[in-house]
Structure formats: structure tokens, C-alpha cells
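This report concerns only the one structure given below.
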Amino acid sequence: MVLHALKQQLLKSSCAFGSWARLMQTQSSGCVYSSTHDFNPKEVREKLQAFPGGSIDLLKQDCGIAILTINNPSRMNAFSGSMMVQLEEKVSLLENWSDGKGLIVHGAEGTFCSGSDLNAVRAISNPQDGMKMCMFMQNTLTRLLRLPLISVALVEGKALGGGAELTTACDFRIMASDGVIQFVHRHMGLVPGWGGAARLVRIVGSQNALKLLGGAVKVDLEFGLQIGLVDGALEAPQAQDSADTLLEQAECWLSRYTKGPTPVIQAVKRVVLSGRELPLSDALRTEKDVFGTLWGGPANLQALASKSKHN
Ligand SMILES: CC[C@@H](C(=O)O)C(=O)SCCNC(=O)CCNC(=O)[C@H](O)C(C)(C)COP(=O)(O)OP(=O)(O)OC[C@H]1O[C@@H](n2cnc3c(N)ncnc32)[C@H](O)[C@@H]1OP(=O)(O)O
């Protein structure tokens, strides 16, 4: 009997360790796909670089909130191949930003992103290349969502196709009055390929996800707030300074959740991330480990010292 109980305990702890190790392995590398999936990122990067245009710009601010701009306005901020590679590079920089607490993702010149550059899509429309681009973008967007900082997509104008999928790779979505998120994939004879379907189900539930994907439904501000795809509304800006006003509003919105010491905010994201992705026992163990990094630490001791009246 004792032997059986011991075996069960060993099995449970090895399972727990196994699932946690799997997440940590993917979380630390951030990748869903590796060479075991016949995925060679170096080869894919070289292929994508053959499709230039636009840029992914990153501004890391002293306040700990970074701004990532999808910048290809002549193509409604569509992702060229080189922009996909640049997005991965910027996510790597953010993974190593020790002072980071928040991230705003937005599009240049009044629109969010119209998905993949259709010229590039036509050139890589064979199944092999399509799957490689799919795995590359799934890896990158999974790493984006797993960053140890709180991210928000500022949706002004259109977020279509892969652009809609990009919004789901942020923790939150806030929308301007002209914002639209639309999973147009059905019109392309496709389903999402950048991980947008899996993340959408976790955000709005399977019934709403089925409607948005099956119906290629246009999600505006009112409908987005109603189904929980959109988390906040941005005020209509004065025409002449719309971009700054919207970014300033987005920074004000995000700063509600990123005030306080950087290690604490990063820890908040880590414990929520593990709660979202790990089985309960593993998530509880992660919470314990993360709690241990803060208990008795500088922020905790300073807070205790400031509560002198409760002595
Ligand atoms: C996994 C999903 C992923 C994939 O399968 O790889 C995809 O995302 S596929 C792409 C899905 N996206 C789309 O289908 C959107 C296509 N674009 C549009 O529907 C419209 O452009 C718009 C975004 C609704 C804007 O319409 P409008 O205001 O009328 O502007 P234009 O259509 O004239 O566009 C201006 C300019 O931009 C070019 N453009 C727009 N989107 C793309 C794109 N995704 N790829 C390449 N180029 C794009 C458009 O061609 C115009 O260029 P010019 O004609 O040279 O002026």
C-alpha cells in the first residue's frame, strides 16, 4: 500500500515537474516550434527577408512603458516578410528589458494593421512556405504574449486578418471610435495561422470565437466591449493631434496597471501567465516561487516601513 502511494506521489510530482518544465522550456525560449517540428528559424528568416518594406519600430521609455509601432502606412501597415523578422527582433529586446513594465502596440498613421502583405502571401502561397511563416509568427506572437510586462493593443482604424490576430497576442485591447477588429481569414479561404484562433477562444469563449471566425464579423468598439474582446474605449481625439492624443490616452490607461516597482509588476504578469497556461498545481507552485522572490524584498520592506501606524 505504501509503495503504491509512493508511486502515485512520484508520478504526480514528475507530471507536475514535466508540465512546468515544458512551459518553462517554451517560456524561456518562448517557442512553440523548434527543430523537433522540422522548424529552422534561420532558414525562415532568410526567406522572409526577401520580402522587404515597412518597419517595426520600438521606443523603450524611462517610465517602463515601451511603444511598438507597426509602420508600413502605404500598405495599411501590412506585414512584409522583413517586418515579421523585425517583430521577432523587437520581442527579443523586450524579453531582455529588465526595466520594462508595459507595452503599447499600435499602427502608424491612423490604422492598426491589415495582416500579411498580400504580395508576400502570393509569393509564398505553397504549403511548405506557408507553414514555415505560420510557425515563425506563432513563435513570435506567443513570445510577445508571454513577455513579463503588461501589453495593450491600441486599435485605431482597421486590424484585419493577421492584424486581428496580433491584437489577441496582447494582454488587453483598447479601441478608438473608428477601430475595427475583423478576422477576414474566411474570405481568404483560410483560418487564422498566427495563433489568433487559439487565443481568441481564451478571450471571448468558443461560441463568440466561432461567430467572429465563421462570420468574419466586424468587431467595432461597442460590440468589442460587449463580448469582452475590447477592454477600453479611447476618446475621439482633436483631428490635428490624434496620434499623440490616442497614444497619451493609451499610456494613461495602461499606467493604472503598471504603477509600482518594476519587479512587482513583472511578477504580477508571471503569476497570471502561469495561472492562464499551467495546470492548477503547477500554477500554484509558480505563484509560491514568484511570491518568494518578493517576500522580504526591497518593495515589501519599504511598504511595511511606510505602514508605521499599524505597528
Ligand atoms: C494568417 C493571416 C494572414 C495570412 O493569411 O497570411 C493575413 O493577414 S492575409 C491578409 C488579410 N488582410 C486583408 O485581406 C486586408 C486587405 N486590405 C484591405 O481589405 C483594404 O486595404 C483595407 C485594409 C480595408 C483598407 O482599404 P482602403 O482604405 O480602401 O485602402 P486600400 O485598399 O486602397 O489600401 C491602400 C493601399 O494599401 C494596400 N494594402 C492594403 N492592405 C494590404 C495588404 N494586406 N497587403 C498588401 N497591400 C495592402 C493596398 O493595396 C493599397 O495599395 P495601392 O493600391 O498601391 O495604393
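The values are calculated or read from the model by the stated rules, or taken from the named source; none is laboratory data. Here the structure is a predicted model, which is why all the values come from computation and not from measurement. Backbone-built Cβ (ideal geometry, glycine too); neighbour counts: all protein chains shown. These area figures cover heavy atoms from the full protein model, side chains too; ligands, DNA and RNA do not enter into them. Shrake-Rupley method; radii C 1.70, N 1.55, O 1.52, S 1.80 Å.
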Only one of N40, N71 is open to solvent by less than 50 Å² (accessible area, probe 1.4 Å), farther than 30 Å from P261 by Cβ, over 16 Å from the mean Cα position of the chain (by Cα) and more than 10 Å from the ligand (Cβ to nearest atom); which?
-> N71
State whether the residues of segment 269-276 include one that is loosely packed, with under 14 Cβ neighbours inside 10 Å and not in a helix (DSSP H, G or I).
-> no
Given (1) on the phi > 0 side of the Ramachandran plot; (2) open to solvent by 70 Å² or more (accessible area, probe 1.4 Å); (3) at pLDDT 95 or above, number of the condition G54 does not satisfy | (2)
Failed item in (1) open to solvent by less than 60 Å² (accessible area, probe 1.4 Å); (2) under 21 Å from Q138 (Cα atoms); (3) not in a helix (DSSP H, G or I), with A197 passing the rest = (3)
Listed by range, helices (runs of 4 or more DSSP H) wholly within segment 116-194 having at least 2 residues that are open to solvent by less than 30 Å² (accessible area, probe 1.4 Å) are 127-145, 162-168
May I ask you to list pairs of residues, at least six apart or on different chains, whose Cβ atoms are under 8 Å apart, with the first in segment 101-115 being over 18 Å from I265 (Cβ atoms) and the second being aromatic (F, W, Y) and in a strand (DSSP E or B)?
-> C113/F79; G115/F79
Please state which of the following conditions E109 fails to meet, knowing it meets all the rest: (1) of a type in the set (D, E, K, R); (2) out of contact with any strand residue (DSSP E or B) (no Cβ under 9 Å at 6 or more places or on another chain); (3) in a loop (DSSP other than H, G, I, E, B).
-> (2)
Would you call L93 out of contact with any helix residue (DSSP H, G or I) (no Cβ under 7 Å at 6 or more places or on another chain) and not basic (K, R)?
-> yes
